[in-house]
1. Roughly how large, in nm² to one decimal, is the mean projection of the convex hull of the alpha-carbon atoms in segment B:2-184?
2. Once the principal axes of the Cα atoms of chain A are found, what is the range along each, listed largest first in whole angstroms?
3. Going by how many other beta carbons lie within 10 Å of each one, how would you line up A:LYS275, B:LYS256, fewest first?
4. Considering only DSSP states other than H, G, I, E and B, which trypsin sites (Lys or Arg not before Pro) in segment B:287-356 qualify as loop sites with at most 13 other Cβ atoms within 10 Å?
5. In chain A, what % of DSSP beta bridges are antiparallel (nearest 5)?
6. Lysines within cross-link reach of A:LYS275: Cα-Cα under 30 Å, excluding same-chain residues under 8 positions apart?
7. How would B:CYS98, A:CYS56, B:CYS199 line up from fewest to most surrounding beta-carbon atoms within 10 angstrom?
8. Going Cα to Cα from A:LYS92, which lysines come in below 25 Å? Please leave out same-chain ones fewer than 8 positions away.
Amino acid sequence: MSVFLDHASTSPLRAVAREALDSALATLGNPSSVHAHGQRTREILEDARDQVAAACGANRSEVVFLSGGTEANNQAIKGIYWRRNQADPNRKVIVSAGTEHHALIDPIIWLVQHEGAELVELPAARNGEIDLGALAALIESRGDEIALISLMWLNNETGVITDIAKVTQLAATKDIPVHSDAVAALGHIPIDFVASGLTAMSISGHKVGSPIGIGALVVRRDFNPVSLLHGGGQERGLRSGTMNYALAAAFGAAAKEAVAELEERQARMRLYRDKLESEILAAIPEAIVTAAGTTRAEHNAHIIFPGVGSDSMLFLLDQRGISVSAGSACQAGVLGPSHVLLAMGHSPEDASSCLRMTLGHTTTESDIEALISAVKEVHPQALAASRI
Amino acid sequence: MRVLAAMSGGVDSAVAAARAVDAGHEVVGVHLALSRMPGTLRTGSRGCCTIEDSMDAQRAAKKLDIPFYVWDFSERFKQEVVDDFVSEYRAGRTPNPCMRCNERIKFAALLERGLALGFDAVCTGHYASIVKDSQGQLELHRSLDMAKDQSYVLGVLTQDQLRHSMFPLGAAASKELVRKEAQDRGLSVANKPDSYDICFIPEGDTREWLRDFIPTEPGAIVDESGAKLGEHDGHVGFTIGQRKGLRIGRPAADGKPRYVLEIRPKTSEVVVGPEASLEVEEIAGSRFSWCGSKPQGIEDGLECEVQVRAHGESLPATATLKDKELVIRLNAPLFGVAPGQTAVIYEGTRVLGQTTIDRTERKSVASVG
């Protein structure tokens, strides 16, 4: 038996993405070439851009294809910071939160260490909600120093959704650009870039069922971040290098399908997720649903099992063919406490005792039932092993 | 049996795991993360739980087609092994961290956790053999290849631990053959160099490493009569029997080399003297354990052999258990043995037990550590 409930790490390849990829790979041409071969692959690339733009409510010219979420976040954070800092050297503050992904926080820390930036982290509540009152106060008191604000749309661990419209509304009072890491959001909740008021947004293909290695930075047409790469000037000068039209085609096809069936899937995920949480809580009353009571994604269940090391739980579930996730692992493979839970004020012990179960387009009711019975079965053993 | 194979990323543990698979056991590979910074890359010839070691272990496990995990024991390792290592040196003693790791981590924390998670045994790449006697009791013996024998560092194991241990390399004829076997099995670690250093001291310089933990207090180098011969910049890292690096200007009256005889942490004095003063006739310790069942006749004195370091020779002796102390009287004097070291006693190839040395007795002068 094999049960995959770790869609937030990467989601199974959609058949439409594979077909689009195969078909594009069979087509020869550099999209920048002016001859007929080049024009054919350019068309594939631009069709993909249309599909991705439509999937996230952006204009087609706002979609810049690149390798994925990490690159998009680096380009956005550094590119916006440099542009803003160039225009006004007093703007050194980057506002974000400790609950963000490392792919977002680490570029900011790099700017702090190398470029004199200042990171201000907004407080997160115990349930994962970001304190937007603190954001309002910060904009009020230090608005003229803020280079940019970056807050993720949907938290990849807890599933908590941030009110992006509210963030951009507050930022607009001082004309501050806002970026959002929407990697976990695309295809799982409705997102509309134009309506959001964002200046830039990161998205990634493999979270919606395309292969790994393709993503996009969505950037407003009237904002021009400083580019990380220099070369042929492709993709609005923001991503020099021959465009990967084949992966873009797969991304476009996957994003289109994911959004088309989103509403139906959300309803199904809610049923599954609620069943999963209620049955686990009934069997293990001390378990804590971290984001209970917040506005959160339907496909995400994030649960602390007090006193149970995530590694023991993951091991025992894996032995039963069930793939779920905990905090992030270091390169050597050691699970550390979740930095997201630590930022939410949980103890290091609880932050090392959580499981993230994320559902997706291939999830069935029998997957959920298998998970519930396995969690109930292994919990006492994992608890005993964790006492050692 | 369900077997947990501890895989360091080296060739021995990989071949041991492979043999356990061949024997028909259900094997799961586990790499122990022992460093506090498991993300670091290897710098010297060696480094425990670096990314490379973890990846090497994972590659070997995948070659054997067994599940693989990294388990974090860094907190326990720091408390039980590293902190103990530092405090032993601070007290002027010479600890063996590998034995401590076997005692507290591999065959304690890892084994207990394995048992709790449904495993029956821990398998390692140690060169040693487990033999069942006629009563069904288990005995630990030296490996077939005496040059690689590691029974000394396993001397701390108890009957219960032996019951849940597996050393498939005990019967290996030589390290070369183990490497050949690894090669034949397509294991990429076949030619990985052996590790000799202490895993958490990557540069291999214990004295230098200890400086970060123990403030160095300069003190006097004195002879046995107490006369000052020179100065040192800290007693930490001196070892009984050490000859080099004493930096005493004047030669000894007899012109012969001088050795560290004793370390006095309280006064930060290092006592040096002639080789003859290193002669030890008796060693004793109150912290001892039996590797298997308690040897018969130990209260009345048992003829045996004793080994005091991992790659040392074993010497004939008589071991007696009296007043809750294991006293080992050597047939011929032993040179340069320090409190803190472990004495393992053998009967032929069989490990009888071990004690951490608390005191050593010379012919005339007693040295209490």
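All of the numbers you see were taken from the coordinates with simple rules; none came from a lab. Please read all numbers here as calculations on a predicted model, not as lab measurements. A quick note on method: Cβ atoms are made from the backbone with ideal geometry, for glycine too, and the neighbour counts reach across all protein chains shown.
1. On the way: hull surface 45.0 nm².
Convex hull of Cα atoms, orientation-averaged projection: 11.3 nm².
2. 64, 55, 38
3. Details: A:LYS275 15, B:LYS256 11.
Least to most surrounded, the residues fall as B:LYS256, A:LYS275.
4. Numbers: sites: B:ARG287, B:ARG309, B:LYS322, B:LYS324, B:ARG329, B:ARG350; in loops: B:ARG309, B:LYS324.
Those that pass, being in a loop and sparsely packed, are B:LYS324.
5. Working: 21 of 37 bridges.
Taking every DSSP beta bridge with both residues in chain A, the antiparallel ones total about 55 percent.
6. Excluding near neighbours in sequence, the set is A:LYS207, A:LYS256, A:LYS376.
7. Values: B:CYS98 17, A:CYS56 24, B:CYS199 20.
With the fewest neighbours first, B:CYS98, A:CYS56, B:CYS199 line up as B:CYS98, B:CYS199, A:CYS56.
8. Excluding near neighbours in sequence, the set is A:LYS78, A:LYS166, A:LYS174.
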